[in-house]
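Asks: First the structure, then my questions, so here it is.
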Amino acid sequence: MSLTAIAIKNARPKVKPYKLTDERALYLLVMPNGAKYWRMKYRHLGKQKTLALGVWPEITLADAREKRDAARTQIADGLDPMAEKKLSRIRAQVDANSTFKAIAEEWLLKYEREGRATITLEKIRWLLDMAYPVIGARPINQIDIQEVLIVLRKIEATGRYESARRMRSVISRVFRYGIATARAA
């Protein structure tokens, strides 16, 4: 029998955790403290597993069913939804640590270790400092050409065309470095 929103809302805590089952392996785990967790049982490579889908009421019954269906599709494709969820979390962390500024600073350190002239490094840092307010906090693999153009046009608007040309070159080198170090896919 399928769950209803009213049944979920009226589910009261008991001394021990208990399940309210929905359909197609989805259930709501009601804890003694009153917390309600969406779970889904599945088998992958012969092992019984339980996938956490979220907490009620943040995840509604409709949302939980949608997540269940997406997980079932992954299972049908031979994937483990739990492993895919972990990979997604890892990718998000990598993206967060792969901002344009982080990659640029890493690239600058590499240039410094290679023994580049101090004045060259200062000029590059000066150019990058003008780019950071616009694209510095963005994951490098999510920056598009229009965002780079905004940076370049701001510099051109002040009449510094040579600086804009050099900025384009520096930004391009940072992007090439980020792809070569597999930081941007």
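The values are calculated or read from the model by the stated rules, or taken from the named source; none is laboratory data. Model, not experiment: these values are computed from the prediction. We place every Cβ from the backbone using ideal geometry, glycine too, and count neighbours over all the protein chains shown.
Asks: Here are some residues: 158, 118, 181. Which one is among the hydroxyl-bearing types (Ser, Thr, Tyr) and in contact (Cβ under 8 Å) with a residue 60 or more places away in the chain?
Replies: Answer to the selection: 181.
Asks: Can you work out which of the residues in segment 31-76 that are touching a Pro at 6+ places or on another chain (Cβ under 6 Å) and outside any helix (DSSP H, G or I) is nearest to residue 15 (Cα to Cα)?
Replies: 32
Asks: List, please: which pairs have Cβ atoms under 6 Å, are six or more places apart or on different chains, and start with a residue in segment 135-152 that is part of a helix (DSSP H, G or I) and end with one that is aliphatic (A, V, I, L, M) and modelled with pLDDT under 90?
Replies: That search, which allows pairs on different chains as well, returns 140/184; 141/184; 141/185.
Asks: Give the residues of segment 28-44 that are surrounded by 16 or more Cβ atoms within 10 Å (Cβ to Cβ) and touching a Phe, Trp or Tyr at 6+ places or on another chain (Cβ under 8 Å), sorted by residue number.
Replies: Answer for segment 28-44, where residues must be surrounded by 16 or more Cβ atoms within 10 Å (Cβ to Cβ) and touching a Phe, Trp or Tyr at 6+ places or on another chain (Cβ under 8 Å): 28, 29, 30, 36, 37, 38, 39, 40.
Here is a yes/no grid of residues against (1) surrounded by fewer than 13 Cβ atoms within 10 Å (Cβ to Cβ); (2) under 20 Å from the mean Cα position of the chain (by Cα); (3) at pLDDT 95 or above; (4) farther than 30 Å from residue 74 by Cβ:
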residue: 96; (1), (2), (3), (4): yes, yes, no, no
residue: 103; (1), (2), (3), (4): no, yes, no, yes
residue: 106; (1), (2), (3), (4): no, no, no, yes
residue: 114; (1), (2), (3), (4): yes, no, no, yes
residue: 170; (1), (2), (3), (4): no, no, yes, yes
residue: 178; (1), (2), (3), (4): no, yes, no, no
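Asks: Looking at this structure, is residue 83 surrounded by 12 or more Cβ atoms within 10 Å (Cβ to Cβ), closer than 30 Å to residue 52 by Cβ and within 21 Å of the chain's Cα centre (by Cα)? Show your work before the answer.
Replies: Details: surrounded by 12 or more Cβ atoms within 10 Å (Cβ to Cβ): yes; closer than 30 Å to residue 52 by Cβ: yes; within 21 Å of the chain's Cα centre (by Cα): yes.
Spelling it out, residue 83 is indeed surrounded by 12 or more Cβ atoms within 10 Å (Cβ to Cβ), closer than 30 Å to residue 52 by Cβ and within 21 Å of the chain's Cα centre (by Cα).
Asks: Which residue is surrounded by the fewest Cβ atoms within 10 Å (Cβ to Cβ), if the candidates are limited to segment 133-147 and must be more than 14 Å from residue 93 (Cα to Cα), touching a helix residue (DSSP H, G or I) at 6+ places or on another chain (Cβ under 6 Å) and of a type in the set (A, V, I, L, M, F, W, C)?
Replies: The residue in question is 134.
Asks: Does residue 85 satisfy the condition of being closer than 30 Å to residue 67 by Cβ and in contact (Cβ under 8 Å) with a residue 24 or more places away in the chain?
Replies: Working: closer than 30 Å to residue 67 by Cβ: yes; in contact (Cβ under 8 Å) with a residue 24 or more places away in the chain: yes.
The answer is yes for residue 85.
Asks: Then there's this: Which ones in segment 126-165 are under 19 Å from residue 110 (Cα atoms) and of a type in the set (D, E, K, R)?
Replies: Listed by number, the list holds a single entry, 129.
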